[in-house]
Amino acid sequence: MKEGEEITFEDAMKRLEEIVETLGEGNLSLEDSLKMFQEGMELCKICNKKLDEAEYKVEKLMEKEGGELSVEGFKVKE
C-alpha cells in the first residue's frame with residue numbers, strides 16, 4: 001500500500017489475520033514482534049473507524065421522514 005492510499009476494510013482484516021497468525025507462531029524477535037503488534041493496532045483502529053462509519057450510514061439510511069430514528073439489528077454471518 002502506498003503512502004496516502006486508503007486501505008479497504010477487507011484488506012485491513014486480511015492483514016490483521018496474517019499478523020495474528022505470524023505472531024502466534026512465536027518465531028519473531030522481540031523487536032519484529034513489537035513492530036507487527038504496532039501495525040496490527042493501527043489496522044485495528046482503521047477497521048473500527050470504518051465500522052463506525054458504516055454504522056452511522058446505516059442509521060442515517062434508516063431514519064424515518066419525521067426525524068425518528070429506527071435502528072434495527074442485523075445478523076452477521078458466522
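So here's what we get for this one:
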item	result
Residue, nearest to the chain's Cα centre (by Cα), within region 9-59, restricted to residues that are among the hydroxyl-bearing types (Ser, Thr, Tyr) and loosely packed, with under 11 Cβ neighbours inside 10 Å	56
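Here's the yes/no breakdown for (1) of a type outside the set (Lys, Arg); (2) at pLDDT 95 or above; (3) not in a loop (DSSP other than H, G, I, E, B):
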| residue | (1), (2), (3) |
| --- | --- |
| 12 | yes, yes, yes |
| 19 | yes, yes, yes |
| 22 | yes, yes, yes |
| 56 | yes, no, yes |
| 66 | yes, no, no |
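The values are calculated or read from the model by the stated rules, or taken from the named source; none is laboratory data. In this text the structure is predicted, and so the values were computed from the model without any measurement. Every residue, glycine among them, receives a Cβ derived from its backbone with ideal geometry; neighbour counts consider all protein chains shown.
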